[in-house]
Structures are given as structure tokens and as C-alpha cells.
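Trainee: Would you mind keeping the following structure in view while I ask a few things?
The values are calculated or read from the model by the stated rules, or taken from the named source; none is laboratory data. Computed from a predicted model, the values in this text were never measured in an experiment. Cβ sites come from the backbone with ideal geometry, for glycine too, and all protein chains shown count toward neighbours. What goes into the accessible areas is simple: the full protein's heavy atoms, side chains included, and nothing from ligands, DNA or RNA. Shrake-Rupley method; radii C 1.70, N 1.55, O 1.52, S 1.80 Å.
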Amino acid sequence: MSVRDGAATMATNAGGGGGGGGTASPNDQDGRSYLLQIYPRLAAQSTTCCNLRVQKDATAASVISDAATALGLDPGRMYVLAEVKECGGEEWVLEAGDLPAQRFLLWPRKAQEQHPQSLGFYFLLQERNHDGSIHYVHLPPVTKEQQAQRLAARGFLPPPQDDFADLCNLPVLNEDSILNNLRTRFYKKKIYTYAGSILIAINPFKFLPIYNPKYVKMYENHQLGKLEPHIFAIADVAYYAMLRKKVNQCIVISGESGSGKTQSTNFLIHCLTALSQKGYASGVERTILGAGPVLEAFGNAKTAHNNNSSRFGKFIQVNYLESGVVRGAVVEKYLLEKSRLVSREKNERNYHVFYYLLLGASEEERREFKLLPPEEYFYLKQQNFKIEDEEDLRHDFERLQQAMEMVGFLSATKKQIFSVLSAILYLGNVTYRRKSTGRDEGLDVGPPEVLATLSDLLKVKEELLVEALTKRKTVTVNDKLILPYSHSEAITARDSMAKSLYSALFDWIVLRINHALLNKKDMEESIPCLSIGVLDIFGFEDFETNSFEQFCINYANEQLQYYFNHHIFNLEQEEYQAEGITWHNIDYTDNVGCIHLISKKPTGLLYLLDEESNFPHATDETLLAKFKAAAPGEQILCPHTGHGACLRHSTLCRESQISNQGFPGKEHRPHASRHCGVVAE
Ligand SMILES: Nc1ncnc2c1ncn2[C@@H]1O[C@H](COP(=O)(O)OP(=O)(O)O)[C@@H](O)[C@H]1O
Ligand SMILES: [Mg+2]
């Protein structure tokens with residue numbers, strides 16, 4: 001170490017960028033001398049640097065001279081001093097009269113204390129060429145992200161958040177960053193993330209201990225975003241917004257089949273009733289809790305995507321008094337998938353309730369409802385028929401019975417319901433044979449023991465049943481015609497009877513639940529109520545071939561998406577404009593074209609289908625011609641043998657079947673009313 005002119009103190013420090021600046025303190029007592037670390041940039045890369053203690057007014061020329069000496073460089077050569085700030089990609093060559101210490105004082109505090117090369121702020125001693133020019137070597141280009149990373153690594157910026165609770169706070173917003181953020185959070189068991197006031201939930205497919213009453217309490221009356229995202233926060237915001245603004249609220253849940261909509265609905269309803277409970281569970285809450293398992297047993301089934309897939313849509317409206325106490329609730333159901341009753345894709349099951357009943361019923365109940373083993377029913381039989389969860393199903397039957405009691409089904413009513421369920425299964429075992437005798441073109445229906453059982457279970461005379469299963473009644477202007485079914489028509493009639501029966505049973509159960517949920521007093525006196533609605537529909541589905549029901553399910557999802565777009569993009573942007581906020585409209589994929597194609601009056605595909613179904617001689621080909629004429633630009637494909645027309649549309653599922661045969665057109669409506677009539681008798 002040597003001292004020269006009192007201008008600088010030097011020390012060499014070998015051993016790499018991370019080494020730091022020797023033992024000298026950064027500032028002298030008098031506050032006027034500073035420790036600089038100077039790195040030589042020589043032909044051979046070296047990490048040796050010298051630590052120089054310099055006065056505030058020491059010039060670059062004097063610092064260069066001291067540094068060259070300290071580093072043992074050839075004093076006959078010429079050098080320049082450059083200030084390097086990697087974060088800005090800057091390398092600034094100082095003039096001889098510039099004051100390095102002044103520059104250094106502008107660096108971040110941490111870099112002033114110690115500035116090894118690795119911190120990104122340092123001085124570089126460089127040789128000058130013979131002609132006086134500097135052999136300037138550019139630093140490798142640094143991207144903004146690398147820069148941010150380096151700054152954070154060096155402690156100049158707070159460490160980058162590796163996940164964001166609200167997507168709106170993402171520094172870079174694109175599909176990749178959104179998905180990465182959701183993935184990072186998911187791996188940390190954070191399944192919920194906000195996008196503003198929208199909550200994104202990722203199905204964990206396992207129990208997380210974040211739904212107990214402690215959490216309801218924790219999220220109570222908190223502004224959205226204050227705490228970690230949670231489904232209870234959404235319920236809480238809706239509840240307090242309703243109370244504060246005295247305006248009804250609605251929570252819309254959307255997502256693919258199996259993504260967790262129904263589970264989320266259950267959590268919401270749980271929280272919405274718990275928030276108002278104030279310590280005790282009233283009758284209404286008990287009924288709401290019981291309604292869930294009953295609706296699930298009758299309306300859910302095991303599918304390829306979800307072991308407990310809802311095959312119907314529902315809107316649950318919880319009514320509150322203005323004080324916030326739960327008053328009652330209403331359930332509305334949409335589109336139960338009826339085709340599942342008689343057929344389904346392989347590895348899928350019929351509605352849960354059939355398996356619950358067949359495996360869970362006691363010996364006495366088996367006799368009473370004349371139950372058979374599951375594999376003996378045509379409607380349950382399918383490829384690879386195997387039931388592996390017998391124990392669970394038995395338990396579920398008990399749970400169902402308990403829930404039915406909670407919604408007010410008495411023992412006699414339960415028996416009636418189970419009888420109808422058993423009858424529906426027996427209907428599938430009805431068979432037809434062409435009459436062999438004479439010129440009679442009718443059908444023999446059997447087997448006799450199945451018909452007798454059906455008559456017994458449904459409490460309908462066997463003759464009436466046989467007639468309904470074999471003959472069609474047609475009413476014309478002047479006449480009433482009774483015509484025998486062909487073999488295939490009879491099978492359709494039988495299946496259609498089973499579907500109508502189940503659907504009517506389901507509607508009746510929903511009606512009974514609503515009676516139990518509604519507060520009788522409200523119907524008598526008109527008490528002012530507020531409400532929160534939760535919409536849980538069936539999610540998007542896309543199979544190899546999609547039936548008419550998938551088409552309807554996906555259409556309902558398109559409508560929901562439209563509603564969402566309208567609120568999130570259109571209305572929001574209109575509000576910004578009205579408030580005079582400078583704003584560039586956001587482009588988004590508008591699905592209104594798809595909705596118009598399907599349902600706009602009078603040329604929407606659904607209207608055309610309805611219209612065509614009323615023509616006695618309509619076929620799949622005539623229907624297709626109509627579709628093509630109405631929507632020439634769309635890719636509507638040729639008829640699908642035996643299944644009707646096939647529709648392709650980019651935003652809908654890949655391929656949907658639309659057929660004159662497959663849905664409630666001219667052929668099936670009379671059946672439905674007639675079956676209900678037969679059963680009512
Ligand atoms: N938050 C959650 N925590 C634990 N499991 C969940 C959660 N959400 C969904 N699941 C699981 O995923 C399955 C499918 O969810 P579900 O709500 O039925 O889907 P969807 O109604 O969207 O078709 C549920 O049966 C449940 O096992
Ligand atoms: Mg569901």
C-alpha cells in the first residue's frame with residue numbers, strides 16, 4: 001500500500017468479482033475520501049482489481065495513474081477510465097478532468113459500499129490505442145428481464161415475485177405469463193387466483209384444508225384482494241355488496257366439464273348460508289344442505305371427465321331479509337340429459353341414484369321394489385360392466401336417504417320415488433316381437449313378468465301400459481287415429497317413456513325441494529327480500545361425436561361466454577368512455593356470430609329444426625338443405641348416416657349431431673304428454 005499526493009490510497013484485491021473492497025471503510029472520517037475498485041480491462045481477462053482510496057476532487061487522470069501503478073501496469077502506455085453501469089448497459093469513458101468519486105456517489109447505496117464487478121457498478125481501466133482511440137469493447141447485450149433479475153439478485157430491486165395473486169399485477173401480460181403464474185401458484189397449493197374481480201380456480205382433485213368455518217370468518221367483510229384469493233372471498237363480497245347497496249347479486253361459474261364448478265357452487269352456498277347464520281343453523285339452511293346431495297344423486301353421473309358430473313344446469317337463489325338473515329332459497333334446473341337413461345359412451349354410467357338403490361337397498365326394499373342385480377338391467381348393462389365402488393355406493397344410498405329426509409321427503413314418498421326408479425329400469429327390459437299369427441302387423445310386447453312388475457310398480461293397468469308401449473295415437477282435424485308402432489318406433493317409444501318418466505320425476509323432486517326451501521310466510525305476506533344467485537351449468541364437452549344434448553350444453557356455454565364478454569369488455573369499456581377515460585378498445589373474440597347462427601330468429605338452426613320437424617315428410621337431407629341455405633358460409637357437413645345432420649363450427653364442439661330422429665321434434669312430443677298421462681292414471 002502506498003500513499004501518493006494524498007490523492008489516493010490503493011490496494012490490490014485478487015480473487016474475483018465477489019471479493020469486495022478490502023478492509024478500508026467506504027468513507028473516511030472527514031467524509032471526503034472514497035474507496036473505488038478499479039478493474040483493468042486487458043487483453044487477457046483478469047479479475048484482479050485494485051482498491052483505491054480517492055478524494056472527492058481526485059480527477060480521472062490522477063486515479064488512472066494511481067491505478068496503473070497499483071496494478072503494476074506499464075507506465076509508458078496510455079489508459080482511460082470508464083464507469084460501467086451494467087444495468088443501463090452503459091460504459092462511460094471519463095475525461096481526464098472528470099471526477100470519478102462524484103460519479104460513484106450517484107450509484108445505489110449498496111454499490112457504493114462495495115462494488116465488486118458482480119454488482120454491476122464498477123470502474124474499468126482500459127488501454128488507449130497508439131492513435132489515441134480507445135479499443136472499446138461492448139458489453140454483451142442485456143435483456144430487460146436479465147437486467148431486472150441481476151438488479152434483484154444484487155439487492156437493488158425487491159426480489160421478483162414468482163407468483164401474483166392477481167393476474168392484473170403481472171409485469172408482462174400474455175398467455176404464457178398467465179399460465180406460468182397459475183402453474184407456479186398451483187404447485188404451492190394456491191388454487192385460487194384473481195383476475196380483477198374474477199376468481200380463477202384450478203381443480204386440485206384433492207382435499208385442501210381451506211374451507212372450514214375459520215376461513216369463512218377470516219374472509220368476512222374484507223375487501224377483495226386484501227387476503228389470499230379464495231372462493232369464500234367472492235361469497236363475502238357478494239353478500240356485503242347486497243347488504244350495502246340493497247341490490248341483488250349473482251355469481252356466474254363457468255368452466256369445462258370436471259373443472260370444479262359444482263364443487264365451487266357448494267362452497268359458495270355453504271359460505272353464503274354460514275355468513276348469515278350468526279351461530280345457529282335454521283331449518284332453511286338444513287334444507288339447502290340436504291338439497292345438494294338429493295339433486296346430485298338424481299342429476300349427476302360418472303362420465304369420462306368427471307366421476308360426479310352434473311348432467312343438468314342449476315341456478316340456486318338464496319333469499320335474505322334486509323338484515324342479512326337467510327330467508328329461503330329457490331332452485332331452478334335446466335336441461336337434464338335424458339339420453340343418458342338409455343345409452344351412453346363406454347366407461348360412463350347412468351345416473352348415480354340407480355346404483356345407490358341397487359347396491360344400498362335392504363333385503364326388504366329389494367323385495368318391495370323388485371330389484372335385480374345391476375347387470376340384469378338393459379339400461380345399465382354396457383361393455384366392460386364392472387362396479388368397483390360397491391361400498392361407496394352403499395354408503396351413498398344411506399347419505400341420500402338422510403338428505404331426502406332433510407328436504408322433507410317422508411318415508412312413503414321415498415318409497416314412491418324408488419318404485420318409479422325401479423320401473424324405469426324395468427322398462428329397458430321390455431322387448432318386442434313381430435306378431436307371428438295372421439295378417440296382423442302389430443307387435444307382441446313382453447316378457448309378461450316384466451310387464452306385470454311394471455304395472456305393479458307404476459300402479460298402472462297392464463292393458464294401458466301395453467297400449468302405450470305398442471300403439472301411437474294421432475289426432476287429426478276430424479279424427480283420432482290409433483296406429484301400431486313399427487319395431488324400431490316401439491323401441492323409441494319405450495326409451496322415450498323411460499326418459500319422460502325420469503325427467504318428470506326429477507322435475508317433481510326439484511318442485512318438492514323448492515317447496516321445502518321457500519319460506520311459507522313469504523308467500524303469504526310480501527316481505528322485502530334480497531338475493532344472491534349462483535349459476536352452475538354443465539361445462540363445455542367435446543367427445544368423438546357429440547349428440548344433440550352436447551350441442552345444447554355447448555350452446556348454453558356460448559351464451560354464458562357472451563354474457564361474460566358483454567360485461568367484462570363491452571359494458572366496462574362503455575363506462576370508461578362515458579367517464580372520459582382515454583382508452584383503447586380491447587379486441588376480444590366475440591362469439592355473437594356463433595350465437596346468431598344457432599338461435600337468431602327466424603333463420604337460426606334451432607328455429608329451422610323446429611320448423612322442419614313439423615313437416616311430415618322431413619328427412620335429415622331436407623333439414624341439411626335448409627341449414628345450408630340459411631348459413632351458406634358455415635361448414636355444415638353432409639348427413640351422418642342414421643344420425644341426422646352433422647354440424648361443425650369452430651367455436652362449438654367439433655361435431656354435433658342434429659337429427660330429426662334424435663330429439664323432441666314431431667315424433668316425441670306426443671309421447672311425453674301421453675306417458676305422463678298414463679302414469680298419472
Ligand atoms: N376445490 C376443490 N377441492 C377439492 N376437490 C375438488 C375441488 N373442486 C373440484 N374438485 C374435485 O373435482 C371433481 C369434479 O368437480 P365438479 O365440481 O363436479 O366439476 P364440474 O361441475 O365443473 O363438472 C369433484 O368431484 C371433486 O372431487
Ligand atoms: Mg357440475
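Trainee: Here is a check on your reading of the model: is Ser264 closer than 25 Å to Val318 by Cα, within 12 Å of ligand 1 (Cβ to nearest atom) and open to solvent by 40 Å² or more (accessible area, probe 1.4 Å)?
Mentor: So Ser264 does not fit the description; no.
Trainee: Ok, one more. For Ile537, work out the one condition from (1) loosely packed, with under 13 Cβ neighbours inside 10 Å; (2) within 16 Å of ligand 1 (Cβ to nearest atom) it doesn't fulfil.
Mentor: Condition (1) is where Ile537 drops out.
Trainee: Which of the strands (runs of 3 or more DSSP E) contained wholly in region 426-509 include at least 3 residues that are under 45 Å from the mean Cα position of the chain (by Cα) and of a type in the set (Lys, Arg)?
Mentor: Working: elements: 431-434, 443-446, 471-475, 480-484.
Where strands (runs of 3 or more DSSP E) fall fully within region 426-509, none carries at least 3 residues being under 45 Å from the mean Cα position of the chain (by Cα) and of a type in the set (Lys, Arg).
Trainee: Which of the residues spanning region 308-325 are within 16 Å of ligand 1 (Cβ to nearest atom), surrounded by 15 or more Cβ atoms within 10 Å (Cβ to Cβ) and more than 18 Å from Gln550 (Cβ to Cβ)?
Mentor: In the first step, residues of region 308-325 are kept if they are within 16 Å of ligand 1 (Cβ to nearest atom); the result is 308-316.
Right, trim to surrounded by 15 or more Cβ atoms within 10 Å (Cβ to Cβ) and you get 309-316.
Selection gives Lys314, Phe315, Ile316.
Trainee: Just give me the residues in region 453-472 being open to solvent by 60 Å² or more (accessible area, probe 1.4 Å) and out of contact with any Pro (no Cβ under 7 Å at 6 or more places or on another chain), in sequence order.
Mentor: Residues satisfying the conditions are Asp456, Lys459, Lys461, Glu462, Glu463, Glu467, Arg472.
Trainee: If you don't mind, there's one more thing I want to ask. Check Arg349 against each of (1) of a type outside the set (Asp, Glu); (2) assigned to a helix (DSSP H, G or I); (3) surrounded by 18 or more Cβ atoms within 10 Å (Cβ to Cβ) and name the one condition it does not meet.
Mentor: Result: Arg349 fails condition (2) only.
Trainee: Being more than 11 Å from ligand 2 (Cβ to nearest atom) and not in a helix (DSSP H, G or I) narrows it down to one of Ile288, Ile234, Ile269, Ile210, so name that one. Explain how you work it out, then say what you get.
Mentor: Values: Ile288 fails: not in a helix (DSSP H, G or I); Ile234 fails: not in a helix (DSSP H, G or I); Ile269 fails: not in a helix (DSSP H, G or I).
Exactly one residue qualifies, and that residue is Ile210.
Trainee: In addition: Select, from Gln577, Gln559, Gln550, the only residue that is farther than 30 Å from Asn174 by Cα and part of a helix (DSSP H, G or I).
Mentor: Numbers: Gln577 fails: farther than 30 Å from Asn174 by Cα; Gln559 fails: farther than 30 Å from Asn174 by Cα.
The conditions single out Gln550.
Trainee: Between Thr603, Thr545, Thr582, which is surrounded by fewer than 17 Cβ atoms within 10 Å (Cβ to Cβ), in contact (Cβ under 8 Å) with a residue 60 or more places away in the chain, out of contact with any Cys (no Cβ under 7 Å at 6 or more places or on another chain) and among the polar types (S, T, N, Q)? Explain how you work it out, then say what you get.
Mentor: On the way: Thr603 fails: in contact (Cβ under 8 Å) with a residue 60 or more places away in the chain; Thr582 fails: in contact (Cβ under 8 Å) with a residue 60 or more places away in the chain.
So the residue among Thr603, Thr545, Thr582 that is surrounded by fewer than 17 Cβ atoms within 10 Å (Cβ to Cβ), in contact (Cβ under 8 Å) with a residue 60 or more places away in the chain, out of contact with any Cys (no Cβ under 7 Å at 6 or more places or on another chain) and among the polar types (S, T, N, Q) is Thr545.
Trainee: Scan region 271-292 and tell me whether some residue there is surrounded by 22 or more Cβ atoms within 10 Å (Cβ to Cβ) and within 19 Å of the chain's Cα centre (by Cα).
Mentor: no
Trainee: Could you look through region 326-340, keep only residues that are surrounded by fewer than 18 Cβ atoms within 10 Å (Cβ to Cβ) and farther than 22 Å from Leu518 by Cα, and pick out the one that is modelled with the highest pLDDT?
Mentor: Ser339
Trainee: All but one of (1) of a type in the set (Ser, Thr, Tyr); (2) farther than 24 Å from Ser309 by Cβ; (3) open to solvent by less than 80 Å² (accessible area, probe 1.4 Å) hold for Tyr192; which doesn't?
Mentor: Only one criterion in (1) of a type in the set (Ser, Thr, Tyr); (2) farther than 24 Å from Ser309 by Cβ; (3) open to solvent by less than 80 Å² (accessible area, probe 1.4 Å) is unmet by Tyr192, namely (2).
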